[in-house]
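Participant: Got a structure for you, written out below as structure tokens; questions coming shortly.
Laboratory data are not the source of any read-out in this text; all were calculated from the coordinates shown. Predicted, not measured: the structure shown is a model, and the values here were computed from it. Heads up, the Cβs are rebuilt from the backbone with ideal geometry, glycines too, and the neighbour counts pull from every protein chain shown.
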Amino acid sequence: MSAITKKICLLGDFSVGKTSLIRRFVENMFSEQYLSTVGVKISRKSLKLKTDLDTHQVNLLIWDLEGHTRFKSITPTYLKGASGSIIVADLTRSKTLNNLSHHIDFFLEINPQSSVIIALNKADLIPQEKLAKLMELYGAHHSTQVVQAYPTSAKTGAKVNEIFYELSHSILARS
């Protein structure tokens, strides 16, 4: 079994749930308490992924980048060398949905060969019919690097593991 280490970054506006998604994935925990990330926080998690040819141990270095604009000048440095990104928006705040394309383009400008997953977070807070409409509107992107969009909930855990596993599989396929 081969082992590889890959850097991934979570991007999005402040308070969309980036830290909560990471905490749910890494520790299987959720907290209602909001703590704003300042700068960057790095977490680690190892996954075993099977491909047609082999089983791989993928060691993820998960970079949680703060969503406020005051650090935008250093953000490109944090993004360099990332193999993939999860771009997060809050389904209950339309401004964060409208900013998705900006975050995707910004990440791919620095890492043009990387993979991107869109996480439309807080899906547990909106009715199913509204969720379907929002997924249709914001779930697609013009870039071939955008693998897929998922309605996620860090609170319930819905689709959280899937976004990290799907991104990891896409990164392996591109390597």
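Participant: Could you list which residues have their amide H under 5 Å from that of S85, counting only those 5 or more apart in sequence or on another chain, with H placed in the peptide plane?
Facilitator: C9, S115, V116, I117
Participant: May I pose another question? Kindly flag which residue pairs out of K48/K133; K6/K50; K48/K155 have an alpha-carbon separation exceeding 27 Å in this structure.
Facilitator: The pairs that break the limit, which is 27 Å between Cα atoms, are K48/K133.
Participant: Would the range 2-174 count as rounded, prolate or oblate if I go by the C-alpha gyration tensor, calling it rounded below 1.5 in a/c and otherwise prolate when a/b exceeds b/c, oblate otherwise?
Facilitator: Rounded.
Participant: Something else about it: Mind checking the dipole of the chain: about its Cα centre, +1 per Lys or Arg Cβ, -1 per Asp or Glu Cβ, Debye to the nearest 20?
Facilitator: For the chain, the charge dipole is close to 360 debye.
Participant: Under 5 Å between amide hydrogens, which residues at least 5 positions from A149 or on another chain qualify, with H placed 1.01 Å from N in the peptide plane?
Facilitator: Those lying under 5 Å, H to H, from A149 are I118.
Participant: Calculate one ³J(HN,Hα) per residue across the range 45-54 by plugging θ = phi - 60° into the Karplus curve 6.51 cos²θ - 1.76 cosθ + 1.60, and present them in order as whole Hz with x for glycine and proline.
Facilitator: Result, rounded to whole Hz: 7, 9, 10, 10, 10, 9, 10, 4, 9, 7.
Participant: Here's another thing I want to ask about it. With each pseudo-label sitting 7 Å past Cα toward Cβ, what's the L47-S2 distance in nm, one decimal?
Facilitator: Spacing of the two 7 Å Cα→Cβ label points: 1.7 nm.
Participant: Now, a different point. For labels at F14 and S175 in the simple 7 Å Cα→Cβ model, what's the distance in nm?
Facilitator: With each label point 7 Å from Cα toward Cβ, the separation is 3.6 nm.
Participant: Another one. Sum -39500 (n - 2.57) across every DSSP H segment of at least 4 residues in the chain, then divide by the residue count to get the 222 nm mean residue ellipticity, nearest 500.
Facilitator: -9500 deg cm²/dmol
Participant: Further question on the same structure: Suppose we keep just the DSSP beta bridges with both residues in the range 2-174; what percent of those would be antiparallel, to 5?
Facilitator: So the antiparallel bridges in the range 2-174 amount to around 30 percent.
Participant: Efficiency by 1/(1 + (r/R0)^6): what FRET value for H102 and T55, r their Cβ-Cβ distance, R0 = 35 Å, to the nearest 0.05?
Facilitator: 0.40
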